[in-house]
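Accompanying notes for the structure given below.
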Amino acid sequence: MINKMSPAIENLLSDFIRIQTEAFSAKEIQEGFAFMGVNMTLEEVETCLDVNPFVFPLQDGLYLTRAGAFTGASFTIKPSAREIEGGYLITGHRCIPFVDSEQSSGTIRFSFDNEILPHKEMDFPLREVLPHFALFGEEYAMQFILSDPAAKDAVVRSFDEELPQTVSLTVTDCSALFQDWNFRRGDLLLAEVVDWRSSIVRIRPLCSHKTNPFQQQPVDQQRLEWYKVFEQRLLESFDIYGPGTTIEEQLARVFFVYKHELCKDVSGTIEEAIKRSKLVGMEPYGVETRLWFKGQEVPAVGPWLQPSDKSDEKDATVWSNEQLNAEMMLWPRVIFDSWIVDGLYQKMNNEDHLVNLILGEASSPLNLLKKKRLQGTIRARRAKLESAYNWFADFDRGPVRHRLLELHTKVFALILELDDVDDQLEDFPQQPLVILTQLSTHIQYMLEGLLRDKNLSDDDLRAMAASLEGMEYNFEEVSAELKDALADCYKHRFSVVKNKDDKKKE
């Protein structure tokens, strides 16, 4: 999000996105900001909207929020035999991508017969609940489990042991519903989002009450057809949109684009669709997981990465108000600011180091001009950040930030080398490329937390340091493989040029 926006304005935009259910334009947002005394260009507003995961672009310059796309959307939930017997429902991943993914699944509320079903806390073996969070990705399942308000004790234990053996979760009490409707294994709940912002989902039972479990009903055939359509649309999305940033984002895009085909009373569950599919699987994507063609490697590059002229223009506007154009600045603002704060932490002026990292050695008059402009920007940002900086409050964060920045320098240097052969990256080992991209993203995410989150605890910093150690190890592994590939690429280029020169001599 554009950094010149105050937290109050950012919160206002976030609130608007969470409650707006009708299509809107960037112009309307711009005019609303202007009314409040915040002047932003149309391109800056569009940049905010285009990078927001809860906004879908429409035609003719319009946008639709997740709240607008999925309020009223229907999907199904299939309670397990254990849940039916125990009279409870674990939410887990069952409501994605239809609800707010930034909210803990334990805070989602279900309504039945116009009444909100009560929550209760229950203890479970970890191995029993993990499958209910699988669609968040194996790498994030534990994080989502521990985000449940009831799991606070497990969060503390997770720092003392590799994984807690048991966890407490917030579940929905469905005992009366299951009993009154004679719920049996295989029966479904039809769910509908009624309040996206408040995470309220209305449910009603879909019970077959078959006397013969092998008896086929018309709805069974319709549901089988739904599984085929869902699989086909998911496969199409891989070619068009690629692996996306999360599984949740992959699913959100599919259900948004094909809502009228997929959000039906006869729909099956996403979990069941993936289990049934012979073509779609949960495949490793670097250190993460994505839905992809079963048994195939998820590539790092593809046609979905081709930038548009419009996006290039928007990137240039982000720094326009600092008199720093996109040609000069290759880093996101959080990296730039983190380096300046690192200088404050080290009690040294790191202006020359920062200039050299961005521009290299200034040898031409053009580079000297860029250097002068960049120095001015660094001094202005340093003065602004220094006015609010507290060295003592930064004492424990500083070493973690410095290590992150050192790792970013290595990652960034390798990315620049790879950019020199970007037309040949499809021939490179794909998983190391994916991991390199993920490392860059995770570094920015962690630096953002260190820079903006004033409430990071000692446990948070310990977790960051442990994660950073793994990231450093991963980089050493993938960088060796990618540098070998680069060497082979350059060797091939040299051989091609040499052969051409030999032929000319003949």
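The values are calculated or read from the model by the stated rules, or taken from the named source; none is laboratory data. Note that this is a predicted model, so its numbers are computed, not measured. Heads up, the Cβs are rebuilt from the backbone with ideal geometry, glycines too, and the neighbour counts pull from every protein chain shown. The protein model used for the area step is the full one, side chains on, heavy atoms only, and it has no ligands, DNA or RNA in it. Shrake-Rupley method; radii C 1.70, N 1.55, O 1.52, S 1.80 Å.
Rounded to the nearest 0.05, what FRET efficiency do residue 180 and residue 120 give with R0 = 22 Å and r taken as the Cβ-Cβ distance? Could you check?
0.75
Between residue 78 and residue 18, with labels modelled 7 Å along Cα→Cβ, what's the label distance in nm to one decimal, could you check?
3.3 nm
Given H placed 1.01 Å from N in the peptide plane, which residues other than close sequence neighbours of residue 73 have an amide H under 5 Å from its amide H?
Under 5 Å from the amide H of residue 73: 193.
Treating only the Cβ of Lys, Arg, Asp and Glu as charged (+1, +1, -1, -1), what charge dipole size does the stretch 191-294 show about its Cα centre? Round to the nearest 20 debye.
It comes to approximately 260 debye.
Report the extension gain between residue 62 and residue 463 in nm, rounded to one decimal, defined as 0.36 nm multiplied by the number of residues separating them, less their alpha carbon distance.
Full-extension gain reported as 140.3 nm.
If you roll a 1.4 Å probe over the heavy atoms of the protein chains, what accessible area per residue do you get for the stretch 31-157, in Å²?
Accessible area per residue, the stretch 31-157: 46 Å².
Give the calculated FRET efficiency between residue 426 and residue 36 to the nearest 0.05, with a Förster radius of 35 Å applied to their Cβ-Cβ distance.
After rounding to 0.05, the efficiency reads 0.15.
If I model a spin label as a point 7 Å beyond the Cα along the Cα-Cβ vector, how far apart are those points for residue 490 and residue 27 in nm?
Output for this residue pair reads 5.2 nm.
Give the shape of the stretch 40-180 as rounded, prolate or oblate, defined through the alpha-carbon gyration tensor: a ≥ b ≥ c are the square roots of its eigenvalues, a/c under 1.5 means rounded, and otherwise the shape is prolate if a/b is larger than b/c and oblate if not.
Oblate, since a/c reaches 1.5 and b/c is not below a/b.
List, largest first, the extents of the alpha carbons of the stretch 1-109 along their principal axes, each in whole Å.
Its Cα atoms span 58, 30, 19 Å along the three principal axes.
Expected output is a single nm value to one decimal: the length gained when fully extending between residue 406 and residue 472, i.e. 0.36 nm times separation in residues minus the C-alpha distance. What is it?
Result: 22.8 nm gained on full extension.
For the stretch 378-495, take the alpha-carbon Rg, divide it by the Kirkwood Rh, and send me Rg/Rh.
Result for the stretch 378-495 is an Rg/Rh of 1.09.
Pop the C-beta distance of residue 111 and residue 232 into the FRET formula with R0 = 35 Å and round what comes out to the nearest 0.05.
In this case the efficiency is close to 0.60.
Can you pull out the GluC sites (Glu not before Pro) in the stretch 69-155 that DSSP calls coil and that have at most 16 other Cβ atoms within 10 Å?
When the GluC sites (Glu not before Pro) of the stretch 69-155 are filtered for loop state and at most 16 Cβ neighbours within 10 Å, 102 remain.
How much length is gained on full extension from residue 391 to residue 240, taking 0.36 nm per residue of separation minus their Cα-Cα distance?
Contour length minus the Cα-Cα distance gives 49.6 nm.
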